[in-house]
Amino acid sequence: MKKLSLISLTAFFCIVFLPAQSNFHFAHVTDIHVGSTTGAEDLRNTVRDINQQKDLRFVIITGDISEFGADAQWRLAKQILDSLTLPWYIVPGNHDMKWAESGGTGFKKVFGYERIMFPYGKYTFIGLHEGPRLKMGDGYWAPEDLRWLDSTLAPFRINRKPIILFTHYPLDSGIANWYEALSLLKQCNIQVILNGHWHSNNKISAEGIPSIVGRTNLRGRDSLGGYNIVDVRNDSIFYSVRTPGVKTAPYWASATLFDHHFEHDTTTYPRPSYAVNKEFPNVVTTWQFNAEFTITSTPLVFDQSFVVFGDYSGSVYCLDIDKKKIKWKMKANDAVFSSPEYADGKIYFTSADSYAYCVNAKNGKVLWKYKTENSLLASPRAAEGKIFFGSSNNSFYALNASTGKLAWRYDSLNGFVETKPLYSNGKIIFGVWDEHLYCLNAESGSLLWKWKGSKNGVLLSPAACEPVSADGKVFIAAPDRFLTAINISNGETIWRTGQFMVRETIGISKDGKRLYARTMNDSLYALSAESNEPAVIWKLNAEIGYDINSAQIREKEGIIFYPTKNGIILAVDGKTGKLLWKHRVGVGVTNTIAPISKNKIVVTDFDGNLSVVEVQ
């Protein structure tokens with residue numbers, strides 16, 4: 001890469017300066033997917049072609065650098081991009097965040113930043129991403145990223161210098177809180193937004209702001225991939241597809257660059273509705289605590305009134321929800337994605353800093369910590385005096401719960417672990433991003449069996465679902481849309497069905513009689529956990545629309561609770577399937593609910609909130 005004049009560089013954010021010109025050309029490359037079949041080769045072709053173009057000034061790359069967020073895929077992409085003779089600027093996409101073995105934290109370690117700002121000519125280019133981190137759901141502007149964008153735009157509200165934003169998702173409702181970033185941009189002289197994600201060329205209006213979506217760099221069914229050459233001249237921008245080594249097509253999209261003065265726009269644009277809360281006025285959010293950083297951690301409740309969770313900053317909180325205050329707070333050295341576990345007065349959790357932690361539940365004091373070789377995303381399980389958890393270095397661990405010393409380690413995984421394992425009668429069962437479900441002996445760590453579905457593909461692995469068990473069966477739901485019952489003794493399939501279009505979200509009744517599942521469109525089901533075929537007990541059309549949240553279903557006192565990808569909580573009678581209430585706490589991904597009783601729950605979300613919801 002051509003040497004840049006570096007003004008400021010941190011692990012998160014970079015500012016650079018380039019020579020000023022009024023008319024110029026640059027390349028827009030997006031959706032590279034290194035790690036897919038032709039991703040690396042297509043990128044090499046594009047880099048070679050860009051280096052042969054004499055009038056390009058720089059390159060922007062708008063996300064999905066990797067196929068599934070593997071550090072090795074990012075390093076290979078950077079190695080190829082470093083052969084560019086032009087400056088290049090990069091932001092991650094959802095494939096770099098959702099399926100990343102580091103929860104996305106490795107991106108800035110490989111590329112040096114996640115956010116970037118640089119001026120060229122009279123324009124300032126600003127780049128950042130919308131996740132979503134680790135969990136399946138819509139794109140989402142994280143609170144930490146919105147704060148950065150707000151502070152970065154502060155001087156531009158005054159000086160009105162023209163801005164060009166580049167990011168992965170187009171700024172529409174495909175991002176759950178799209179309007180929050182738009183409201184900040186509209187206070188400035190935003191000219192145009194440049195995107196990827198859709199894999200095909202397109203142009204839309206983001207509430208009046210021109211938004212141009214570039215084609216994927218992948219070849220698809222063609223013999224070669226491609227990118228866009230962008231021509232900025234005479235206060236206009238023109239997009240033309242470039243086929244490497246072949247030709248540049250006539251421009252297919254253009255936009256006039258000018259100050260839109262959105263303060264004069266009186267158009268009413270759609271926003272998420274909280275009208276559902278008026279339908280059930282006896283259900284209220286009685287307290288909400290904001291951690292100011294993304295939370296992917298399911299809250300842990302112990303002693304009825306204390307709640308523990310971690311966040312993206314690495315902070316772990318213990319809140320007293322009765323007194324509505326912080327009981328204690330401690331900090332790991334990197335993000336905490338995992339959901340904590342409680343046993344014998346101790347709290348256990350893992351961190352992307354590669355450590356598993358044990359802290360005193362009363363004061364948060366670290367009692368021990370155990371280092372692994374890579375990021376830890378998976379949630380721990382306490383059983384048999386041990387702590388069980390998977391890692392991102394193809395290993396699964398069992399530690400002595402009191403001392404933190406290694407009891408055993410299983411090293412034959414071919415992917416990373418993000419989910420919480422199931423413990424059942426001396427067996428530890430968990431999914432891995434290597435297409436398989438594993439069952440280990442909890443005492444020795446030896447492999448008892450492993451299971452694979454009928455469809456191939458790492459991204460179809462049963463790895464985000466928390467397995468549940470009953471009546472000698474273990475149940476899973478995977479991204480392949482299949483619901484499966486497996487013999488817990490030998491790993492043989494008992495039944496498997498694709499009729500419900502499920503994805504990763506299941507639960508089990510306390511009495512072990514009902515298996516709960518959420519489909520991808522509106523419905524919740526209860527099936528018999530005792531039957532040797534998928535026998536439906538009830539079906540509920542919950543009217544929640546398309547939903548892919550990977551949160552699990554929890555039951556308390558006969559009531560099941562489930563949160564959607566857009567912040568709506570459902571409470572349903574577990575025996576009959578009757579909808580009891582809905583309540584909206586936010587607009588983005590809401591994590592698995594921790595019910596305290598049938599009338600009181602706690603829940604966390606991507607906006608950094610912990611909410612206490614009660615039926616009054």
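The values are calculated or read from the model by the stated rules, or taken from the named source; none is laboratory data. Since this is a predicted model, take the numbers as computed values, not measurements. Backbone-built Cβ (ideal geometry, glycine too); neighbour counts: all protein chains shown. For accessibility, only protein heavy atoms count, side chains too; no ligands or nucleic acids. Shrake-Rupley method; radii C 1.70, N 1.55, O 1.52, S 1.80 Å.
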Residue 488 accessible area, nearest 10 Å², 1.4 Å probe? 20 Å²
Spatially proximal aspartates and glutamates relative to residue 513 (Cα-Cα < 18 Å; intrachain offsets below 8 disregarded): 466, 471, 530, 533, 555, 557, 573
Above 33 angstrom, tally the Cα pairs of the chain and express them as a % of all pairs, no decimals. 46 percent
On a 0 to 90 degree scale, rounded to 10, what angle separates helix 39-52 from the longest Cα axis of the chain? 20 degrees
Roughly how many debye, to the nearest 20, is the charge dipole of the stretch 175-330 about its Cα centre, given +1 on each Lys and Arg Cβ, -1 on each Asp and Glu Cβ, and no other charges? 480 debye
Bin by bin, in steps of 10 Å, what percent of the Cα pairs in the stretch 489-541 do you find, going until the bin that has the longest distance? 24, 56, 18, 1
Assigned charges on the beta-carbon of Lys, Arg, Asp, Glu; the stretch 475-616 dipole about Cα centre (debye): 240 debye
A 1.4 Å probe over the protein heavy atoms gives the stretch 339-425 a carbon and sulfur accessible-area percentage of 42 percent
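Show me the three semi-axes of the equivalent ellipsoid for the stretch 256-393, from the C-alpha gyration tensor (sqrt of 5 times each eigenvalue), largest first, rounded to whole Å.
Working: eigenvalues 267, 101, 37 Å².
Ellipsoid semi-axes (Å, largest first): 37, 22, 14.
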Of the accessible area of the stretch 471-616, with the probe set at 1.4 angstrom, what percent is carbon plus sulfur? 42 percent
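What FRET efficiency, computed as 1/(1 + (r/R0)^6) with R0 = 35 Å and r the Cβ-Cβ distance, is obtained for residue 384 and residue 575, rounded to the nearest 0.05? Write out the running numbers ahead of the final one.
Working: r = 32 Å, r/R0 = 0.93.
After rounding, the FRET efficiency stands at 0.60.
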Taking R0 as 45 Å, what's the FRET efficiency between residue 233 and residue 48 from their Cβ-Cβ distance, rounded to 0.05? 0.95
Can you give the angle from 0 to 90° between the axis of helix 143-159 and the longest principal axis of the chain, with both taken from C-alpha atoms, to the nearest 10? 20 degrees
Find, to one decimal place in angstroms, the Kirkwood hydrodynamic radius of the stretch 458-616, where the mean of 1/r is taken over every pair of different Cα atoms and then inverted. 15.6 Å
Computed on Cα atoms, the radius of gyration and Dmax of the stretch 356-451 in angstrom are 12.8, 41
Can you run the Rg to Rh ratio on the stretch 488-579? Use alpha carbon positions and the Kirkwood inverse-distance Rh. 0.95
Excluding residue 93 itself, calculate the net charge of residues whose Cβ lies under 13 Å from the Cβ of residue 93, where each Lys or Arg counts +1 and each Asp or Glu counts -1. -4
Picking from 375, 360, 389, whose Cα lies most toward the positive end of the charge dipole for the stretch 315-398 (charges on Cβ: Lys, Arg +1; Asp, Glu -1)? 360
Cα convex hull of the stretch 346-388 - mean projected area over all directions, nm²: 3.0 nm²
Compute the Rg to Rh ratio over the stretch 197-262 from the alpha carbon atoms, using the Kirkwood formula for Rh, and round to two decimal places. 1.03
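Given the pairs 427/455; 452/578; 323/371; 98/598, which are separated by over 30 angstrom at their Cα positions?
Numbers: 427/455 26 Å; 452/578 35 Å; 323/371 35 Å; 98/598 32 Å.
Beyond 30 Å between Cα atoms: 452/578; 323/371; 98/598.
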Cβ-based charge dipole, the chain, positive-most Cα from 117, 166, 192: 117
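Which longest run of the chain has no exposed loop site in it, a site being trypsin sites (Lys or Arg not before Pro) in a DSSP loop with at most 14 other beta carbons within 10 Å, and the site itself not part of the run? Display every interim value, and only then the final one.
Values: sites that count: 2, 3, 54, 122, 160, 221, 323, 324, 362, 365, 405, 455, 510, 578.
The longest such stretch corresponds to 222-322.
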Probe 1.4 Å, all protein chains in place: accessible area of residue 406 in Å², nearest 10? 90 Å²
Computed over the Cα atoms, what is the radius of gyration of the stretch 30-121 divided by 2.2 N^0.38 Å, N being its residue count? 1.04
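With a 1.4 Å probe and every protein chain left in place, work out the accessible area per residue of the chain in Å², rounded to a whole number. Kindly include the intermediate steps, with their values, before the conclusion.
On the way: 22200 Å² over 616 residues.
I get 36 Å² per residue for the chain.
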Hey, what number do you get for the chain at 222 nm if only DSSP H runs of n ≥ 4 count, each worth -39500 (n - 2.57), divided across all residues, to the nearest 500? -3000 deg cm²/dmol
At q = 0.18, 0.26, 0.27, 0.35 Å⁻¹, what log₁₀ I(q)/I(0) does the stretch 574-614 have when each alpha carbon counts as one equal point scatterer in the Debye sum? -0.56, -0.98, -1.02, -1.25
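May I ask for the Kirkwood hydrodynamic radius of the stretch 412-527, worked out over all distinct Cα pairs and given in angstroms to one decimal?
Numbers: mean 1/r = 0.0712 Å⁻¹.
Kirkwood hydrodynamic radius for the stretch 412-527: 14.0 Å.
Once the cut-off is 20 Å, how many percent of the Cα-Cα pairs in the stretch 147-236 end up in the long-distance tail?
On the way: 1675 of 4005 pairs.
So the pairs more than 20 Å apart make up 42 percent of the total in the stretch 147-236.
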Which residue, 571, 211, 610, has the largest displacement toward the positive end of the dipole of the chain when charges sit on each Cβ (Lys, Arg +1; Asp, Glu -1)? 610
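For the chain, give the magnitude of the charge dipole about the Cα centre (Cβ charges: +1 Lys/Arg, -1 Asp/Glu; no others), in debye to the nearest 20. If you can, show how the numbers build up before the last one.
On the way: 67 positive and 60 negative charges, 122 e Å.
Roughly 580 debye, rounded to the nearest 20.
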Helix axis angle, 71-81 relative to the chain longest principal axis, alpha carbon, degrees: 10 degrees
Roll a 1.4 angstrom probe over the protein heavy atoms and tell me the percent of accessible area of the stretch 61-169 that is carbon or sulfur. 59 percent
Using the Kirkwood radius over C-alpha pairs as Rh, can you work out the diffusion coefficient of the stretch 225-297 via Stokes-Einstein at 4 °C, viscosity 1.567 mPa s, in µm² per second? 70 µm²/s
Between residue 454 and residue 276, what is 0.36 nm times their sequence separation minus the Cα-Cα distance? Round to one decimal in nm. 60.1 nm
